[in-house]
There are 2 protein chains.
Amino acid sequence: MSGAAGPGANLTALRSHNAALVLRLLRDAGEGGVSRPELAGRTGLTPQAVSKITARLRAEGLLAEAGQRASTGGKPPTALRLVPDARHAIGLQLDRDEVTAVLVDLAGTSVAARSAPFDFGAPAENALAAATAEVRALLADAAASGVVGGGTAAGGVAAAGGVVAGGGLLGVGVAAPGPLDHGSGVLHRVTGFPQWDGFPLRDALAERLALPVVLDKDTNAAALGLVTAGTAESAAYLHLGTGLGAGLVLGGAVYRGARTDAGEFGHQVIQLDGPPCDCGNNGCLEALCLAAVARGDRKDAARLLGVGATNLVRLLDIDRVLLGGRMVLADPGPYVRGVAAMIAEDSDRASRPPVSVDVVERGERAVVEGAARLVLAPLFALG
Amino acid sequence: MSGAAGPGANLTALRSHNAALVLRLLRDAGEGGVSRPELAGRTGLTPQAVSKITARLRAEGLLAEAGQRASTGGKPPTALRLVPDARHAIGLQLDRDEVTAVLVDLAGTSVAARSAPFDFGAPAENALAAATAEVRALLADAAASGVVGGGTAAGGVAAAGGVVAGGGLLGVGVAAPGPLDHGSGVLHRVTGFPQWDGFPLRDALAERLALPVVLDKDTNAAALGLVTAGTAESAAYLHLGTGLGAGLVLGGAVYRGARTDAGEFGHQVIQLDGPPCDCGNNGCLEALCLAAVARGDRKDAARLLGVGATNLVRLLDIDRVLLGGRMVLADPGPYVRGVAAMIAEDSDRASRPPVSVDVVERGERAVVEGAARLVLAPLFALG
DNA sequence: CCACTTTGGCAACAGTGTTGCCAAAGTGCA
DNA sequence: TGCACTTTGGCAACACTGTTGCCAAAGTGG
């Protein structure tokens, strides 16, 4: 069962690693750019190595000069910045009643978007056809407006069977309700939708679209959006919608667990002998929290969510908590305040540094845009 | 606050990485050894690269041939095995009333051990002197019996100021009750022992012993013992002693959290408005569990521990749960059975693969020997 | 105006894993 | 018994990495 024991590294892997490191720093620096000496300092590489790496990246069109910085006593440094248009990725979100697709650039900025009604309960083939059509329509929109096609012809990923003129399309990241297997791209038994159990969604989509496809849980996709710098920080995305789940960023990477099934935040028991939950246990956080929402008591729902979040913070030493999902986005105030207050109270008592609590950025779009980042992540050595 | 963004990799790092990979496979293979072709297959490196790497390691004395394997239709492969005696490490456990020290070889096998009464509440300087004396005595024992000193003179780490004749001593791993900062090696406010708050234990010991020192929480040290192969498996070590804590192995590495403070398993709330806990919250698992132990109801204690463990398994997709700590080791049966039953029941309902639940191997020694592994871990790219 | 610092490229270098080639040492079939 | 075949593992040449040494360009500051 032990199989391969972690990848052996060769020179190619080394180059990719360092290139990804540099790209990540450039992406996080944004429009302002970063100078070569700064890149050298942040990566620990020699200035000369950075020069070589950036020269290669510039040849691939991923990188451009962004003017001169002020001198600090010598020759003024040249700022380098990411060329966002050099590559693009598609994010696809399959929700219970809606399908959403976005086209994002290297910086993760959305440049085109579409959504349509969707029936997750339809036969798999029909649903798949609808999703595929949505992606094709998005690409047609983008081609018409000339957004895609500007990238260099280099880069390896060829045009998608004539769907897009020109290169630069890296693939499709798909976010779906869990549980599912990220490694194999197969859906498991989604509550209420048994027809998907065992369906190889990733490969089916990849074949139809002739593009690389990555599949992950919606909560993990949103969590990926939280991974910013290469710091080893930990964050949690808590999603309160039809159910209650979490996406975990631990040590600077999305944590999926051995069977890529981690994040069942909603089914932690927080009340012994509490009311029964659909899962078969008693006193699950999800059951309590959704019941509070159902009876319109947002304050109590927030308190319950706060108890769960505090457990999470203490157990995993989390730095940042982001809230999302329809229930929260409909009226974020009480949830953010309630959860923040409970965590802050606990942190004070334990004399632990404060933990930030916020609504997830770009609320409704957090999951789709995160899905697109599933494709971009390898470029930046994130994930 | 972003500082350095992950290390840039150079050729030296590449070599260390691959060497560590090979050493790890050899360690896990044990006495039987592994053949070069098998190493190549498991690492993904070319056979020729493996030959070069193993030749280097053999020159350093870390590796030896271990006879021939049966042929599979051609020249019979030569098995290679780790030379456990080539290097040694010390593990030091500071407990509330006892100090324990062990000397282990590269394979993690204990070759010498000592323990003595200890007063963790004594002034820091006195306690430090006692711990130092214990390590010196252990080294004297080992030198007298000729255990240490057989290693090659090469390897960088010189003799510890005359304490040990000959080289091969890599350093000291120290396990102490949390909370503490693994990165800086400084203790925080240990409940009931305020004199340690802010004490730089790692540097103080390193200076007195003239050896590299690594400091970590006792639960993390024990968890490190669970990291075996390079698989991305996840495991949890649950420690029920004076308090209730956890050491987490996530994705094949010990998870410490941003402030190296993760694992506060005992202070998750599992009963809303339950009895108050010392930490200020109500219904903490630790308070409930210790109360059950105090009134002699091991069955209920096991049930409560099972609730917490099930929460952990669902949240983090854990494969293996190991139980330890004085309370459990005094009578493991009820705890193992109780926790196993609760997790199994939940896994069945969720049609998830079974999770193994056991007492931690080598019970009383799990923490000290894990502490020694803190020093060995970098050699095998574990941690 | 000149000494000094910082930036960033060119050329030579050390050292990695890889490829091509080949000898050694078995198995298995005619 | 003989011979073709497979597997093992080392030697030499190679492609490519980041590093070092050197130097020109372009600023600052006395």
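On a 0 to 90° scale, report how tilted helix B:47-59 is relative to the longest principal axis of chain B, with both axes built from alpha carbons and the result rounded to the nearest 10.
That works out to roughly 90 degrees.
Averaged over B:244-253, how many beta carbons belonging to a partner chain fall within 10 Å of each residue's beta carbon?
2
Taking a cut-off of 44 Å, what percent of all Cα-Cα pairs in the protein assembly as shown are separated by more than that?
30
Direction-averaged shadow area of the convex hull around the Cα atoms of chain B, nm²?
About 22.0 nm², averaged over all directions.
Angle between the Cα long axis of helix B:285-294 and the longest principal axis of chain B, 0 to 90 degrees, nearest 10?
80
Viscosity 1.567 mPa s, temperature 4 °C: Stokes-Einstein D of region B:11-82 from its Kirkwood Cα radius, in µm² per second?
It comes out at roughly 106 µm²/s.
With contacts defined as alpha carbon pairs under 8 Å and 6 or more residues apart, what's the relative contact order of chain B in percent?
15
Which log10 I(q)/I(0) values does region A:162-279 give at q = 0.14, 0.22 Å⁻¹ under the Debye formula, counting every alpha carbon as one identical point scatterer?
For the requested q values the scattering log ratios are -0.69, -1.26.
Within region A:344-383, list the GluC sites (Glu not before Pro) lying in a DSSP loop whose Cβ has at most 15 other Cβ atoms in a 10 Å radius.
Counting only loop positions with at most 15 other Cβ atoms within 10 Å, the GluC sites (Glu not before Pro) in region A:344-383 are A:Glu361.
Do me a favour and compute the ellipsoid semi-axes for region B:44-126 from its Cα gyration tensor, root of five times each eigenvalue, largest one first, whole Å.
Square roots of five times the eigenvalues give 44, 13, 10 Å.
Magnitude of the Cβ-charge dipole of chain B, K/R +1 and D/E -1, about the Cα centre, nearest 20 debye?
Charge dipole, chain B, about its Cα centre: 1340 debye, nearest 20.
Identify which of B:Ala287, B:Ala101, B:Ala89 has the largest mean-square fluctuation in a Gaussian network model of chain B, with springs joining Cα atoms closer than 10 Å.
B:Ala287
Can you list the lysines whose alpha carbon sits under 23 Å from that of A:Lys75, skipping same-chain ones fewer than 8 residues off?
Cross-link targets: A:Lys52.
What residue among B:Gly91, B:Gly183, B:Gly263 has the largest mean-square fluctuation in a Gaussian network model of chain B, using Cα springs under 10 Å?
B:Gly183
Using the Cβ atoms and a cut-off under 11 Å, what net charge is assigned to the surroundings of B:Arg259, where Lys and Arg are +1 and Asp and Glu are -1?
-3
Taking A:Ala59 in one copy and the same position in all the others, each labelled 7 Å out along Cα→Cβ, what are the pairwise distances from the first, in nm, shortest first?
The projected label point of A:Ala59 is separated from its counterparts by 3.3 nm.
Would you mind ranking A:Phe380, A:Phe118 by Cβ crowding within 10 Å, fewest neighbours first?
Going from least to most buried by this count: A:Phe118, A:Phe380.
Once the Cα gyration tensor of region A:189-253 is diagonalised, what are the square roots of 5 times its eigenvalues, in whole Å and ordered largest first, as equivalent ellipsoid semi-axes?
26, 18, 8
Which of the trypsin sites (Lys or Arg not before Pro) found in region A:56-88 are loop residues per DSSP with 12 or fewer other Cβ atoms within 10 Å of their Cβ?
Here no loop site has a sparse enough neighbourhood.
Do the sum for chain B: with -39,500 (n - 2.57) for every DSSP H run of n ≥ 4, divided by all residues, what is the mean residue ellipticity at 222 nm, to the nearest 500 deg cm²/dmol?
Helix contribution divided over all residues of chain B: -11500 deg cm²/dmol.
In terms of the Cα gyration tensor, with a ≥ b ≥ c the square roots of its eigenvalues, is region A:250-294 rounded because a/c is under 1.5, prolate because a/b exceeds b/c, or oblate?
Prolate, since a/c reaches 1.5 and a/b exceeds b/c.
Quick one: check the C-alpha center-to-center distance for region B:285-351 versus region B:1-78, whole angstrom.
Between the Cα centre of region B:285-351 and that of region B:1-78, the gap is 39 Å.
Quick check on region B:257-356: what are the equivalent-ellipsoid semi-axes from the Cα gyration tensor, as sqrt(5λ), descending, whole Å?
21, 18, 14
For a distance above 19 Å, tell me the whole-number percent of Cα pairs in region A:177-227 that qualify.
Cα-Cα pairs in region A:177-227 separated by more than 19 Å: 30 percent.
Counting only other residues whose beta carbon sits under 11 Å from that of B:Asp181, what net charge do I get with K and R as +1, D and E as -1?
Once positives and negatives cancel, what remains is +2.
So, counting K/R as plus one and D/E as minus one, what does the shell of residues with Cβ under 10 Å around B:Gly338 add up to?
Counting the neighbours of B:Gly338, the net charge comes to +3.
Express as a percent, rounded to the nearest 5, the fraction of DSSP beta bridges in chain A (both residues included) that run antiparallel.
Roughly 65 percent of the beta bridges in chain A run antiparallel, per DSSP.
Take every Cα pair under 8 Å in region B:228-359 that's 6+ residues apart, average their separations, divide by the length, and report that relative contact order as a whole percent.
23
What ranking of A:Thr260, B:Thr78 emerges when the number of other C-beta atoms within 10 Å of each C-beta is taken as an exposure proxy, fewest first?
B:Thr78, A:Thr260
A:Ala140 label points, 7 Å along Cα→Cβ, one per copy: pairwise distances from this copy to the rest in nm, shortest first?
8.7
No value in this document is a laboratory result; all are computed from the given coordinates. This is a predicted model, so every value here is computed, not measured. FYI the Cβ positions are ideal-geometry reconstructions off the backbone, even for glycines, and counts take in every protein chain you see.
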